[in-house]
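Before any comments, here is the structure.
The values are calculated or read from the model by the stated rules, or taken from the named source; none is laboratory data. No experiment lies behind these values; they were computed from the predicted model shown. Note: ideal-geometry Cβ built from the backbone for every residue, glycine included; neighbour counts use all protein chains shown. We work out accessible area using only protein heavy atoms, side chains counted, and drop any ligands, DNA or RNA first. Shrake-Rupley method; radii C 1.70, N 1.55, O 1.52, S 1.80 Å.
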Amino acid sequence: MTFDCTVRSCTVSSLNPLRTYQTMVTMRIYEEAVGAAVETGEVHGEMHLGIGQEAVAAALAAALRPEDAIVSTHRPHLHALAHGVDPVAMLAELLERDGLSRGKGGHMHLFAPERNFMCTGIVGAGAPIAAGYALALRGTGAVAVAVAGDGAMNQGAVLETLNLAALWNLPMVFLVEDNGYGISVRREDASAGVLAERGGSFGIPGATCDGTDPQAVLDALEPAFARARGGEGPAVVVAEVYRFRGHYEGDADQYRSPEEKASWMGEDRDPVHRQRALLVAQGTDASDIEAAETAAAATVGGWLAAARALPMPDPARVREDVIA
Amino acid sequence: MSTSTKVAPFGSQIVAETLLEAMTEDERIIVLGEDVARLGGVFGATRKLHAQFGSERVLDTPISETAFIGAAIGAAQAGLRPVVELMFVDFLGVCFDQIVNQMAKHRYMSGGRVTVPLVLRTAVGCIGAAAQHSQVLSASFAHIPGLKVAFPASPGDLRGLLLTALADPDPVVFLEHKWLLKTRADSQPWHEDEPLAVEPVEFGRLRRLRDGGDITIVAAGYMVQLAYLAAQELAGEGIEAGVIDLRTLVPLDREGLVHEAASAPTLLVVDDDYADYGMSGEIIASIAEALGPEAPRMRRHAVDVPIPANKALEELVVPSPTSIAEAARAALGCG
Ligand SMILES: Cc1ncc(C[n+]2csc(CCOP(=O)(O)OP(=O)(O)O)c2C)c(N)n1
């Protein structure tokens, strides 16, 4: 199964607002369902959700082609959905069932080789691996995306990979989801300079965009993808977002002030609400908006039921798969 | 420190209070790592330090383990006494060069002219976060000449061993088991008189926590607590199991181990680090070398695959009181 998140309208480079809205609502409900599964105990480990960062993933869905690769982070679900990773198998894996990785990987360690998708729980570790995908994909028109948080941009592995990607002219997009924090540490207390300019001295162009607006994200992604697909090398795109939940489910999150949270999470800036407001402003029928919301809820409800119907992993196989 | 409070402190609080006390006494101590300042550590083990000592001495770092652990080495060589936190031991891979080739070797390579008096604190063990956030990796440090490795098993030792580490002239890797950080000081299954008032605990001296004539279980860190619980379970079946806490992996109390092994008919080593090329093999080899044919029958119970995400699978892989008791029965031939 794959999630159809076709969000483009016929005009290339412009998103279909209603389809985009439905995709974003689906993503939010998906993450909320995963959050609820922490409460029920179906997930017993750490859980990092992408709620608040849906606009980036929706735009990514529009920019990606099936043959592209993505290496995501410890906050990976929405990138996986955007790239067409089987939502039921992923959900099953998150719920510690016989899912994508037979219950062995779990939420920070999702692998979908059929989509060239993977993620890692080690901050910054994904960038070099994305470079490897890019090396293998070079010349095919496909692109490898390295997703990083703002915090990850200070990891040696990422900084080394910027150089390597430029040196080898790799078809890569460094997508930085800048939510202003690495756990409790503010970006300005951890990162010198401007993130989008990090690749500058290697000759890598960078752009910063409003990560709460899917069209703005796509506008920034398109030239980066076009460049990479055309063999012109890597680019950096920084999307400014906010994470609506604590760093992980259960995080007391006292390091961010209520005022700051309110300023980002109000209806005027919540990406899902913003997209809805756009539809209303454009005169979209209320019934169409409602239908999109209903469809999104039904879709996720169906996935959840299908995932929960999958068996628990087979204990007899716990020692398999270490080496061939 | 007061022991009269009604609710016993969490292990993480004990670490923080010990650091606070030490920093008050020794101005050379600085604390650095991810989220250690404003947040007080993801496990709370550096809480209140930033409020007390400010950003000069308590530094939040970028997510740049190579840079800030390397910086701790330089600062130590220049006269400070850094306490540097590697949030989860699993992130060791990022900064292993600074640990293996720099921190551990500078004393030797300088012919003893350079010392690196720092404490590398790191959280270890499985609390349910799968393959990249559940490891112990104690043997990976212990394997490298030039590092001391302390592995407290109880709240009292969190303090006692940390005090010793802070005074040590060499780099000490201080392994804080997550369950120990997250549980209260009176929760270990044996009685410790005044866990919070303890003096520094000497490195390289194991302790016997329980006598037992049938089998001796050797462990370190939180596994000691689980071994103790297993011993209590076994006692109900008429099996008397002794429990040994190694306290430090380096220096390893080989003499003490050999002494214990000489009077034990059977010995079981429990480890939540990986089995192969690990602590269990080291202990068994040390005893076998010393005792030869007089050595007891020896077995090990340790982790043999990456930690899976699913809880039931995890329980098959990570030692528990039940699995330790089972391993003990098997070692005794009554499984
Ligand atoms: C090498 C490494 N260091 C530290 C961590 C612990 N850690 C997990 S997520 C995180 C913050 C990451 O911040 P950022 O990259 O901005 O992503 P965000 O969580 O904000 O999405 C940290 C420090 C880790 N997983 N790996």
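For the range B:207-332, what size does the Cα cloud have along each of its three principal axes, sorted from largest down, in whole Å?
That works out to 42, 33, 24 Å along the principal axes.
Between B:GLU237 and A:ASP253, how high is the FRET efficiency from 1/(1 + (r/R0)^6) when r is the Cβ-Cβ distance and R₀ = 60 Å? Nearest 0.05.
Values: r = 47 Å, r/R0 = 0.79.
The computed FRET efficiency comes out at 0.80.
Along its three principal axes, how long is the range B:11-197 when you only count alpha carbons? Whole Å, largest extent first please.
45, 36, 31
Search the structure for amide H atoms under 5 Å from the amide H of B:ARG210, placed 1.01 Å from N in the peptide plane, and list their residues when 5 or more places away or on another chain.
B:VAL243
Tell me which residues come under 5 Å, amide H to amide H, from B:ARG300 once H is placed; ignore anything under 5 positions away on its chain.
Those qualifying (amide H under 5 Å, at least 5 residues apart or on another chain) are B:VAL269.
Out of the total accessible area of the range B:259-335 (probe 1.4 Å, heavy atoms of protein only), what percent is carbon and sulfur? Walk me through the intermediate numbers first.
Values: 1750 of 3410 Å².
That fraction is 51 percent.
I need the helices of chain A that pass two filters: whole DSSP H segments spanning 30 Å or more by Cα along the axis, and mean Kyte-Doolittle score no lower than -0.5. Intermediate results must be reported in sequence, preceding the final value.
On the way: long enough: A:17-39 (33 Å, 0.02); A:286-309 (34 Å, 0.56).
Helices meeting the criterion: A:17-39, A:286-309.
Rounded to the nearest 500, what is chain A's calculated 222 nm mean residue ellipticity when only DSSP H runs of at least 4 contribute -39500 (n - 2.57) each, over all residues? Working shown, then result.
Details: 11 runs with 134 residues, N = 324.
Per the formula, -13000 deg cm²/dmol.
Nearest 100 Å², what total accessible surface is buried between chain A and chain B (probe 1.4 Å)? Display every interim value, and only then the final one.
Numbers: alone 13570 and 14130 Å², together 25050 Å².
Chains A and B together bury roughly 2700 Å² of accessible area.
What is the projected area of the convex hull of the Cα atoms of chain A, averaged over all directions, in nm²?
Numbers: hull surface 66.6 nm².
Across all orientations, chain A yields a mean hull projection of 16.7 nm².
Per q in 0.12 1/Å, what log10 I(q)/I(0) does a Debye calculation on the alpha-carbon atoms of chain B return?
Reported log10 I(q)/I(0), two decimals: -0.81.
So which residue, out of A:ASP285, A:ASP251, A:ASP68, gets the largest mean-square fluctuation from a GNM of chain A using Cα contacts under 10 Å as springs?
Of A:ASP285, A:ASP251, A:ASP68, the most mobile in the Gaussian network model is A:ASP285.
With a probe of 1.4 Å, find how much accessible area the protein assembly as shown has per residue, and write the answer as a whole number in Å². All intermediate terms of the calculation are to be shown ahead of the outcome.
Numbers: 25050 Å² over 659 residues.
With the other protein chains kept in place, the protein assembly as shown gives 38 Å² per residue.
Report the label-to-label distance for B:GLU289 and B:VAL7 in nanometres (one decimal), using points 7 Å from each Cα along the Cα→Cβ vector.
Roughly 4.9 nm, to one decimal.
At a threshold of 8 angstrom on Cα-Cα distance, excluding pairs fewer than six apart, so keeping six or more, what relative contact order does the range B:249-335 reach in percent?
On the way: 105 pairs, mean separation 27.4, N = 87.
Computed value for the range B:249-335: 32 percent relative contact order.
What residues have an amide H closer than 5 Å to that of B:ILE30, excluding those fewer than 5 places away on the same chain, when H is modeled at 1.01 Å from N in the peptide plane?
HN-HN under 5 Å from B:ILE30: B:ARG81, B:VAL83.
Size of the dipole of the range B:11-197 about the Cα centre, Lys and Arg at +1 and Asp and Glu at -1 on the beta carbon, nothing else charged, in debye to 20?
Details: 15 positive and 21 negative charges, 71 e Å.
I would put it at about 340 debye.
Sort the range B:101-192 into rounded, prolate or oblate with this rule: let a ≥ b ≥ c be the square roots of the eigenvalues of the Cα gyration tensor; rounded if a/c is under 1.5, and if a/c is not under 1.5, prolate when a/b is larger than b/c, oblate otherwise.
oblate
For the protein assembly as shown, what is the largest minus smallest coordinate of the Cα atoms on each principal axis, given in angstrom and ordered from greatest to least?
Projected onto its principal axes, the Cα set of the protein assembly as shown covers 83, 55, 53 Å.
Of the beta bridges DSSP finds with both residues in the range B:207-332, what % are antiparallel, to the nearest 5? Let's see the in-between values first.
On the way: 3 of 17 bridges.
Here the share of antiparallel DSSP bridges comes out near 20 percent.
Can you pull the percent of chain A's accessible area that's carbon plus sulfur, 1.4 Å probe, other chains left in place?
Values: 6690 of 12260 Å².
That share works out to 55 percent.
Given contacts defined as C-alpha pairs under 8 Å and at least six residues apart, what's the relative contact order of chain B, whole-number percent? Before the final figure, lay out each step's value.
Numbers: 729 pairs, mean separation 50.4, N = 335.
It rounds to 15 percent for chain B.
Suppose R0 equals 51 Å; then what is the FRET efficiency for B:ARG297 and A:ALA281 from their Cβ-Cβ distance, rounded to the nearest 0.05?
Values: r = 79 Å, r/R0 = 1.54.
Efficiency, rounded to the nearest 0.05: 0.05.
For the range B:1-115, just run the numbers: alpha carbon Rg, then divide by 2.2 N^0.38 Å, N being how many residues it has.
Here the answer is 1.14, to two decimals.
With a cut-off of 15 Å, note down the residues of the range A:148-162 whose backbone N falls inside the zone around a label point 7 Å from the Cα of A:LYS261 toward its beta carbon.
No residue passes the distance filter.
About the Cα centre of chain B, how large is the charge dipole given +1 on each Lys and Arg Cβ and -1 on each Asp and Glu Cβ? Please answer in debye to the nearest 20. Write down the numbers at each step before the final one.
Numbers: 27 positive and 43 negative charges, 99 e Å.
Using Cβ point charges on Lys, Arg, Asp and Glu, chain B gives about 480 debye.
With a Förster radius of 56 Å, plug the Cβ-Cβ distance of B:GLU25 and A:ALA316 into 1/(1 + (r/R0)^6) and report the FRET value to the nearest 0.05. Provide the component values of the computation, followed by the final result.
Details: r = 56 Å, r/R0 = 0.99.
Rounded to the nearest 0.05, the efficiency is 0.50.
Given the -39500 (n - 2.57) contribution per DSSP H run of 4+ residues, what per-residue ellipticity at 222 nm results for chain B, rounded to the nearest 500 deg cm²/dmol? Walk me through the numbers on the way to the answer.
Values: 13 runs with 123 residues, N = 335.
Here the helix-only value at 222 nm equals -10500 deg cm²/dmol.
Taking chain B as a Gaussian network, where each spring joins two C-alpha atoms under 10 Å apart, which residue of B:GLY33, B:GLY256, B:GLY11 fluctuates the most?
Top of the fluctuation ranking is B:GLY256.
Just to be sure I understand the model, the point goes 7 Å from the Cα along the line to the Cβ. What's the resulting A:ARG308 to B:ALA197 distance in nm?
Each label point is offset 7 Å from its Cα along the Cβ direction, giving 5.4 nm.
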